[in-house]
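The structure under discussion appears below in the form of structure tokens.
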Amino acid sequence: MVTLLDLKHHAIASSLFPTTTLGRAVSKLGFVQADPIRSPARAQDLILRHRVTDYRVDDLDRSYRSLKLEEDILYAYGFMPTGTWRLLHPREQRELTLAEQRVLDIVSRRKRLHPRELEASLGRDRETNAWGGYSKSTTRILEKLHYLGLIRIAGRDKGVKLYERAAFKQEAINPEERLRRLALLITTILAPVPQGSLRAAVQRLRYTAPDLPGRKNVVADLLKSGELESAEVEGVRYLWPAGRIVRAAPEDVVRFLAPFDPLVWDRRRFEHFWGWAYRFEAYTPPAKRKLGYYAMPLLWKAEVIGWVNASRRAHQLVIDAGFVKGKQSSEKSFQRAFEAESQRLRRFLSSTGDDHELSSRSDAMKPL
């Protein structure tokens, strides 16, 4: 019989594997979600610091080209190994517009192209974007060509995407096999995952891999073939890739998790696992925030018992902690583990590796 505690142990053991090299970690994860907010660092860096040995902020950017990674959309936007990228392409085969072809020709003649180089040639016309605001027409065309797999992100210059012509020789994988691999990959990243959440994530492929038929049935097909296993716990059916459930309890370690960490990503599972509703409030009006601008869930052993907000003030890292039960764990080992994680975060943010570059202070915060 599988219990809720078993599922939590399995989720932590599967996602928070022993630290390794950056290349191996990205390959093992298969996908790392990205977000541009730095509070105190971007989501991709906060995710990788728990899985890469001696990881420092911006290491992903520094190693992007040498590791031959890609940026693209799986169930969200992020970084991925080439193997994942190949499963998403080809997309939407159609004839390019004259404007798209002109931009593609310009990108093809450059080693790496900064968007401002296009503005010099094509101007700065603006158009309404998907969020109701305005984007430069050249930016929209670059994004479309990137979506089509005709150009790729070659790197970044102070956060701005640099583009180059994609030159992959696409392996011929039939659509059914691509969909099967993508569904298994998503399950592996989020496992164990509620069946409803997995189906919703797979349905996002209608945009990221629109030419793949069978999205509605692929989860059921994988269960039938035995490639996925499942169990119903407290009225929720959970799925995971075939194999033994890891029941071993995690170590007495505190971790500050990114809002988009695989352990946090599915809010339905989060609430069922840990009994409270986590919300990402960066875009919530300040007066309506309950947890804070960039609250990071606080994992202690197998429980998420609260959250922290970490911010830089002058040369000091200030960590404000909040606890679901209104106070921190009474276990003596908790405070030591909390301070150890605070020091790890400080070292991660000190890109030089000098622990004295950034001092830290921990303050209490209000209960939920």
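General remarks:
- Residues of segment 198-210 classified as touching a Lys or Arg at 6+ places or on another chain (Cβ under 7 Å) and open to solvent by 10 Å² or more (accessible area, probe 1.4 Å), total: 3
- Checking each residue in segment 157-186 for being surrounded by 10 or more Cβ atoms within 10 Å (Cβ to Cβ) and without any contact (Cβ under 8 Å) to a residue 12 or more places away in the chain picks out only E177.
- With a requirement of 1 or more residues that are within 24 Å of I189 (Cβ to Cβ) and in contact with a His (Cβ under 8 Å, 6 or more places away or on another chain), the strands (runs of 3 or more DSSP E) lying completely within segment 237-340 that satisfy it span 254-256.
- In segment 211-261, the residues that are crowded, with 18+ Cβ neighbours inside 10 Å and closer than 30 Å to P36 by Cβ: L212, R215, V254, R255, F256, L257, A258, P259, F260, D261
- Failed criterion for S311 (all others in (1) open to solvent by less than 50 Å² (accessible area, probe 1.4 Å); (2) at pLDDT 95 or above; (3) of a type in the set (S, T, Y) hold): (2)
- Pairs where the first residue, in segment 104-126, is within 15 Å of L162 (Cβ to Cβ) and at pLDDT 75 or above and the second is open to solvent by less than 60 Å² (accessible area, probe 1.4 Å) and part of a loop (DSSP other than H, G, I, E, B), C-beta under 9 Å, 6+ apart: V107/L150
- Within segment 53-73, tally of residues that are within 18 Å of K28 (Cβ to Cβ) and assigned to a helix (DSSP H, G or I): 3
- Residue in segment 270-280 that is in contact (Cβ under 8 Å) with a residue 60 or more places away in the chain, among the acidic types (D, E) and out of contact with any Asp or Glu (no Cβ under 7 Å at 6 or more places or on another chain) present: no
Okay, residues lined up against (1) open to solvent by 10 Å² or more (accessible area, probe 1.4 Å); (2) part of a helix (DSSP H, G or I):
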| position | (1), (2) |
| --- | --- |
| L7 | no, yes |
| S27 | yes, yes |
| Y75 | yes, no |
| F79 | no, no |
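- Residue in segment 285-293 that is surrounded by 20 or more Cβ atoms within 10 Å (Cβ to Cβ) and either over 19 Å from the mean Cα position of the chain (by Cα) or not charged (D, E, K, R) (or both) present: yes
The values are calculated or read from the model by the stated rules, or taken from the named source; none is laboratory data. Bear in mind that the values here come from a model prediction, so they are computed numbers and not experimental data. Every residue, glycine among them, receives a Cβ derived from its backbone with ideal geometry; neighbour counts consider all protein chains shown. In case anyone asks, the SASA skips ligands and DNA or RNA and just uses the protein heavy atoms, side chains included. Shrake-Rupley method; radii C 1.70, N 1.55, O 1.52, S 1.80 Å.
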